[in-house]
Amino acid sequence: MVDNDSFKALSEQDKYSTAVSRPVGSRAIVLNSQKPITKDPIVREAFQSAINKQMIAEGILNGAEQVADTLLAPSVPYADVNLIKQEYSEDRANELLTKAGWKIGKDGYRYKDGNKLEITIYYNSDNAQERTISESMQNDLKQVGASLKIIGEEKQAYFDRQKTGDFDLMYSLSWGLPYDPQTYVSSWRVPSHADYQAQVGLEKKEWLDQVITDLMSEQSEDNRKQMYKDILTYIHSENIYIPLTYSVTKAVHSKALKGVDFNVSQYEIPFEKMYFEE
């Protein structure tokens with residue numbers, strides 16, 4: 001893995017060639033609908049407005065990834081759905097949090113019934129980039145009176161936490177092409193994923209899982225399009241996810257190496273296309 005700072009530095013050197021793929025997946029934050037604070041849909045909507053995604057895309061990811069307004073990129077099959085764009089707005093976030101009953105205290109943080117507006121995000125400690133993104137979000141949320149604790153965990157502990165649902169916020173990555181949307185959406189029904197655990201508190205979770213189950217065997221193309229639209233519209237309206245960016249695959253290689261390209265799947269490297277000129 002090459003982090004974005006290293007990739008930018010290598011791109012500026014004359015020694016190497018670099019390349020960036022088209023969007024291959026989605027990077028998002030998933031909010032747990034079962035937890036005391038994030039179970040409130042008004043609070044989830046407020047957090048949507050509070051996060052400066054442009055800062056994350058430009059300041060942390062060096063412009064390598066496009067800001068995401070929806071969970072799946074419109075270029076993904078069945079995902080070109082007309083959804084309301086959530087704009088970054090501190091004023092809107094403050095308005096919603098006040099509406100939800102969270103009042104600013106003397107320390108600058110919000111309180112309700114004696115409880116502080118404090119949530120925790122967990123990330124894989126092997127991923128330094130997620131730590132940096134979390135710190136950017138921590139600053140954004142502080143501006144609207146919310147405290148974000150950041151905890152990095154060893155990879156297996158992080159995966160175990162997804163299964164138990166013991167989290168407020170977590171990182172969520174789609175499976176990427178060619179597995180999006182069908183495999184990714186199908187995984188929402190499995191308790192071992194953070195997506196399932198975060199969605200359990202939704203009023204229509206049972207309906208959501210049933211539509212996904214029916215979708216997997218639906219033969220009609222028109223019906224499939226409508227079912228995907230229903231699924232993505234519902235998830236978007238509930239603000240279970242804060243879409244951040246559409247992820248890409250990056251390559252760094254010797255200038256002597258030709259034929260460097262990307263496969264549809266981000267998990268496959270097309271070595272068979274690469275060659276050195278004689």
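Observations on the structure shown:
- Our summary gives the stretch 1-131 a relative contact order of 23 percent, counting only alpha carbon pairs under 8 angstrom and 6 or more residues apart.
- Rounded to 10°, Cα long-axis angle of helix 221-238 versus longest principal axis of the chain: 50 degrees
- Relative contact order of the stretch 155-278, pairs being alpha-carbon contacts under 8 Å that are 6 or more residues apart, as %: 20 percent
- Under 30 Å from residue 15, Cα to Cα: lysines that are on another chain or at least 8 residues apart: 250, 255, 258, 273
- Within the accessible surface of the stretch 1-142, defined with a 1.4 Å probe on protein heavy atoms only, the carbon and sulfur portion equals 45 percent.
- Taking every alpha-carbon pair under 8 Å whose residues sit at least 6 apart, the stretch 104-190 reaches a relative contact order of 31 percent.
- 0 to 90° range, to nearest 10: angle between helix 41-50 axis and the chain longest Cα axis: 50 degrees
- Solvent-accessible area, 1.4 Å probe, carbon plus sulfur percent, for the stretch 234-278: 53 percent
- Packing, taken as the mean count of other beta carbons within 10 Å per residue, orders the peptides 24-37, 145-158, 59-72 from highest to lowest as 24-37, 59-72, 145-158.
- Rounded accessible area per residue of the chain, 1.4 Å, Å²: 51 Å²
- Placing pseudo-labels 7 Å out from each Cα toward the beta carbon at residue 226 and residue 264 gives an inter-label distance of 2.7 nm.
The values are calculated or read from the model by the stated rules, or taken from the named source; none is laboratory data. Nothing here was measured: the structure is a model prediction, and the numbers come from that model. Don't worry about glycine lacking a Cβ; one is built from the backbone with ideal geometry, like all the others, and counts go over all protein chains shown. Surface accessibility is based on the protein's heavy atoms, side chains included, excluding ligands, DNA and RNA. Shrake-Rupley method; radii C 1.70, N 1.55, O 1.52, S 1.80 Å.
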